[in-house]
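Notes follow the structure.
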Amino acid sequence: MQILCLGEVLVDMLGQDVEQNGESSRMFRPYAGGAPANVAVAVAKLGGSSALISKVGNDSFGKMLVTTLKSYEVDDRFIATSEGKTALAFVDLDEQGERTFDFYVENAAHKDITNDDVENVALDQQTLLHLCSGSFSTAGLRTSTTTLIQRAHSCDAPLCMDINFRPGFWQDPTQAPAIIDNAARQMNIIKASHEELEALYGEHASDKVQQWHEAGVALILITDGGQPVSYISTASSGSFAVPATSVKDTTAAGDAFIGGLLYQLAASVSGGAQLETFLSDNDNIVMLLDVATRCGAVAVSRFGAFDALPSRADIISTD
C-alpha cells in the first residue's frame, strides 16, 4: 500500500543556544518539517511508498522543501506551487526537549489546496490516506479535504488522522472541537495525544474517545509523552510501553510514531479490504505499536524533523 499524506510542508526554525566568543545567544536553524510531510518522509525512510499532497511558495524555502522531499524519495507529483508563501514555524525547546510554537501561516501556500488539486489524485484500496486536523482549519481546506475523504470512502481507501491540534493554524480555534469530532468519526485510524484531547474536550475527552470507538473507528491511539500508549480497537484495548531514550527534541516524535505504524501496516496488509480484520487481532496491534514506539524513541533522540526520522536500520539496531 502507498501512504498518501495530505497537508502542510513547512520550515521549522528550531531555536538553539550557541556560544560565540564566550557569549551565549539564541539562533534559529531551518529544518524541513510539517506534520503530514514528516509522516511521508518517515514512511519513505523506512523503505515504504509515500506521497504528499501539498503546496509550497515560489520562494527559496519552497524549493528547498521539494528538493529535500525528493531526496528522501517521497513522491512529489501532487505538490504544487502557490502564490502564497511557504509557511514557517519557530520552535523553541525547553530543557526536556518539549516544544513551543510560533506559526507564520498568514497567506501560507498550503492553505491554497483546492478541489482541483485533489480531484485527480489516484485513490484505491491500495492507498491509505493520512491527514491531520490542520487540513480542516480553514473553510477552503475543509472543502478540499472533505472532497478527498468522500473519494476515499467511495473506493474503500483507508483513512488515518493524527489530531495534531495546533490552534495557531485555525482561523477560529473555537470551531476546532466540533469540526475535528466530525472528521474523526469518518476515519479508520485516529492518533491523538492526551494533551490535545484535554485541550479540545476537557473533562469529556474520555467520552469523546468512546464515541469515536462506537462510531466504528477501527483503531484509536492515545500517546502521552514517555508514558505508555493507550489503544482501543474493535476487539480489544490496552496499553503499550514506550522505550526509554534520551530526549533531545520532541518535534517529530508523533510523526515518527504514526509514520512507523503506517509503514508497518502497509507492509502487513495487501489492501484496505483486509484492514479491519487485521486490526481486530490484538497481536497485530502490539506488533504495529512495537515498530511505532521504536520510531518515536529514535526521533526524540535527535534534533529536527526529517533529519530525526529513523531509517529501517535504526529500528533494527534497537533490537
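The values are calculated or read from the model by the stated rules, or taken from the named source; none is laboratory data. Just so it is clear, the structure is predicted and the values come from calculations on it, not from any experiment. With ideal geometry, Cβ positions are generated from the backbone for all residues, glycine too; neighbour counts draw on all protein chains shown.
Tabulated results
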item: Some residue of region 116-123 being buried (at least 16 other Cβ atoms within 10 Å of the Cβ), of a type in the set (A, V, I, L, M), over 30 Å from Asp224 (Cα atoms) and in contact with a Cys (Cβ under 6 Å, 6 or more places away or on another chain); result: yes
item: Pair list, Cβ under 6 Å, 6 or more apart: region 150-161 residue free of Cβ contacts under 8 Å to residues at least 60 places away in the same chain, other residue hydrophobic (A, V, I, L, M, F, W, C) and surrounded by fewer than 16 Cβ atoms within 10 Å (Cβ to Cβ); result: none
item: Counted residues, region 271-295 - those being farther than 17 Å from Ile232 by Cα, of a type outside the set (S, T, N, Q) and modelled with pLDDT under 95; result: 3
item: Odd one out for Gly304 among (1) crowded, with 17+ Cβ neighbours inside 10 Å; (2) closer than 19 Å to Leu221 by Cβ; (3) of a type outside the set (Phe, Trp, Tyr); result: (2)
item: Condition broken by Gly238, with the remaining ones in (1) surrounded by 14 or more Cβ atoms within 10 Å (Cβ to Cβ); (2) closer than 26 Å to Gly15 by Cβ satisfied; result: (2)
item: Subset of region 195-234 [within 17 Å of the chain's Cα centre (by Cα) and of a type outside the set (A, V, I, L, M)]; result: Glu195, Glu196, Thr223, Asp224, Gly225
item: Helices (runs of 4 or more DSSP H) completely within region 156-220 that count 1 or more residues being basic (Lys, Arg); result: 205-214
item: Residue check for Asp162: of a type in the set (Asp, Glu), closer than 23 Å to His213 by Cβ and buried (at least 23 other Cβ atoms within 10 Å of the Cβ); result: yes
item: Residues satisfying the stated conditions in region 133-156, i.e. out of contact with any strand residue (DSSP E or B) (no Cβ under 7 Å at 6 or more places or on another chain), more than 20 Å from Lys55 (Cα to Cα) and not charged (D, E, K, R); result: Gln150, His153, Ser154, Cys155
item: Filter result for the condition that a residue is free of Cβ contacts under 8 Å to residues at least 12 places away in the same chain and on the phi < 0 side of the Ramachandran plot, over Thr100, Thr86; result: Thr100
item: Residue in region 48-71 that is touching an Asp or Glu at 6+ places or on another chain (Cβ under 6 Å) and small (Gly, Ala, Ser) present; result: yes
item: Test: residue in region 42-51 that is among the β-branched types (Val, Ile, Thr), surrounded by fewer than 24 Cβ atoms within 10 Å (Cβ to Cβ) and under 17 Å from Ala299 (Cβ atoms); result: no
